[in-house]
Amino acid sequence: MSTDRKERILLAALELFAMEGYHATPTSKIAKQAEVSEGLIFRHYQNKEGLLQAILQAAERNFQQHLSPILEESNPQKTLRFYISFPFEVPEEEVNFWRLQFKLKWEVNYPKNQKLTPFLDKITWAFRELGYDNPELEAELLFLTIEGVSTAILRDGMERMESTKKFLLKKYGV
């Protein structure tokens, strides 16, 4: 299969899975949007699950690339600033990757929380370094807040949440 057709299949599946949901998207619709035969999808990915796994592997690489700097940061204030700011800095062309990640939490057994544990640990470290009384709960609160902010951004757009970003940065003094 040519790389062009393979990429069209992945992009079509990503967009449809992100907008309509994994279970609600038939491979025939992906084939139509990618302008390929449905058989070509099955020949390359075996089934819809194989196609989803290919997308998730690309999303995992994307996720690690964008969030790994937080794990390397040695300044606790910069760590919190980066974490709070991250959802506001997702490039437009990557929004469907993030939208799909959030949708999959509700549709399939997708172990995203395991992948986030190092980030939660790093945020806990930052709060501990900054002298917070209960760094574990403070980190959990910020983690859940950012997850809610991320959901709102994916649903309604960034502009609506900009005041929340400013509030959080001020609240944590970063």
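None of the figures in this text is laboratory data; all of them are computed from the coordinates on show. All values reported here derive from a predicted model rather than from experimental measurement. In this analysis, Cβ positions are derived from the backbone assuming ideal geometry, glycine residues included, and neighbour counts consider all displayed protein chains.
If you count Lys pairs in the stretch 3-171 whose Cα atoms are under 22 Å apart, skipping same-chain pairs closer than 8 places in sequence, the total is 23. Taking the stretch 69-91 and a reference point 7 angstrom along Cα→Cβ of Tyr132, the backbone N atoms nearer than 13 Å belong to 76-84.
The stretch between Glu20 and Thr145 holds 42.5 nm of extra length on full extension. This uses 0.36 nm per residue minus the Cα-Cα distance. For the stretch 3-19, putting each phi into the Karplus relation 6.51 cos²θ - 1.76 cosθ + 1.60 with θ = phi - 60° gives couplings of 4, 4, 5, 4, 5, 4, 4, 4, 5, 5, 5, 4, 4, 5, 4, 5, 8 Hz, in residue order, rounded to whole numbers and with x for Gly and Pro. Axis of helix 135-156 versus longest Cα principal axis of the chain: the two differ by about 40°, to the nearest ten degrees. Of the residues Tyr83, Tyr22, Tyr132, the one that moves most in a GNM of the chain with alpha-carbon contacts below 10 Å is Tyr132. The C-alpha atoms of the chain define a longest principal axis, and helix 48-72 lies at about 20 degrees to it. The P(r) of the stretch 3-171 has a tail past 25 Å containing 40 percent of all C-alpha pairs.
Using alpha-carbon pairs under 8 Å, 6+ residues apart, how would you state the relative contact order of the stretch 109-174 in percent?
Values: 20 pairs, mean separation 11.8, N = 66.
It rounds to 18 percent for the stretch 109-174.
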